[in-house]
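Written out below as structure tokens is the structure these notes cover.
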Amino acid sequence: MTAILGLSLAVALGACKIVPNPEPGSENAASQTDEDRMAAKAAEVYDSQLVPYVSGKAIDLPVLTSALHGGYEAAGKAHGIRPQAEGSPWNFLVKGQGTVIEANRESRAATLTLDATGDGQADVTIQLGPVIKGTALRDSADFIVFTDYRDQIEFAKLARALNDRTHAAITLPEGDLTGKTVRFEGATTLRSATDPILVVPTVLDVQP
């Protein structure tokens, strides 16, 4: 009888498969792509850190343009943020308002062009997306550090995720915005003092 019970127990145990309990969140983490993880990171920092960071550090557009007249490097050292990589351009956090002189909302790289000085000329272009160029939002935030990420590819995907987050946050009234006054805060990357100022907005308000 003892032999029979032992054999039965051995068979029963042999039919069992022991599966360890996964660490909390480990299965999700393993199945996520780089894009998923960087989108989650962008969602984590955008509203809680990035938007207030830009609001607190943005300089008025006339301050930036005046500083650039004194030289690109001088303006960058006074008001800019530059990643540590050699040869990186200066990034600036800027705020202001202007009158819409051109609204390109049909393109996937949609933009608003603003006259901020009242002379009828373009002074700043606001990127609306969904295609938003550059890495200004990522590179202007001193709390986002390259060494915290796996490699350059992952870091690039974070920049894209932040741009996507900005596009998703933009809400504009329907219809032609030409002639409307727009207030903005955001980031721009400049490679020279004469570069067009192309802003990725974190705040974009159309005045009534």
Within the range 9-31, is even one residue surrounded by 10 or more Cβ atoms within 10 Å (Cβ to Cβ), under 30 Å from E154 (Cα atoms) and modelled with pLDDT of 85 or more? no
Output the number of the condition that D148 fails; it satisfies all remaining conditions of (1) surrounded by fewer than 19 Cβ atoms within 10 Å (Cβ to Cβ); (2) of a type in the set (D, E, K, R); (3) at pLDDT 95 or above. (3)
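Is it fair to say F184 is at pLDDT 95 or above, aromatic (F, W, Y), farther than 16 Å from A42 by Cα and in contact with a His (Cβ under 8 Å, 6 or more places away or on another chain)?
Working: at pLDDT 95 or above: yes; aromatic (F, W, Y): yes; farther than 16 Å from A42 by Cα: yes; in contact with a His (Cβ under 8 Å, 6 or more places away or on another chain): no.
In short, no.
Determine whether F184 is closer than 26 Å to A75 by Cβ, crowded, with 22+ Cβ neighbours inside 10 Å and aromatic (F, W, Y).
On the way: closer than 26 Å to A75 by Cβ: yes; crowded, with 22+ Cβ neighbours inside 10 Å: yes; aromatic (F, W, Y): yes.
Spelling it out, F184 is indeed closer than 26 Å to A75 by Cβ, crowded, with 22+ Cβ neighbours inside 10 Å and aromatic (F, W, Y).
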Being in a strand (DSSP E or B), under 16 Å from A169 (Cβ atoms) and of a type in the set (A, V, I, L, M) is the filter here, so list the residues in the range 104-140 that pass it. L112, I126
Specify the residue that is surrounded by the most Cβ atoms within 10 Å (Cβ to Cβ); the eligible residues are those in the range 52-103 that are among the basic types (K, R) and outside any strand (DSSP E or B). K57
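Please verify whether A58 is modelled with pLDDT under 75, under 25 Å from the mean Cα position of the chain (by Cα) and under 29 Å from R160 (Cβ atoms), treating the condition exactly as stated. Break it down into steps so the answer makes sense when it comes.
Working: modelled with pLDDT under 75: no; under 25 Å from the mean Cα position of the chain (by Cα): yes; under 29 Å from R160 (Cβ atoms): yes.
When the stated conditions are applied, A58 does not pass them.
Every residue in the range 131-145 that is exposed (fewer than 14 other Cβ atoms within 10 Å of the Cβ), modelled with pLDDT of 95 or more and either touching a Pro at 6+ places or on another chain (Cβ under 8 Å) or more than 16 Å from I197 (Cβ to Cβ) (or both), please.
Restricting attention to the range 131-145, the residues satisfying the condition of being exposed (fewer than 14 other Cβ atoms within 10 Å of the Cβ) are 131, 133, 142-143, 145.
Those left that are additionally modelled with pLDDT of 95 or more: 131, 133.
Result: V131, single match.
The values are calculated or read from the model by the stated rules, or taken from the named source; none is laboratory data. What you see is a predicted model; the values in this text were computed from it and never measured. In this analysis, Cβ positions are derived from the backbone assuming ideal geometry, glycine residues included, and neighbour counts consider all displayed protein chains.
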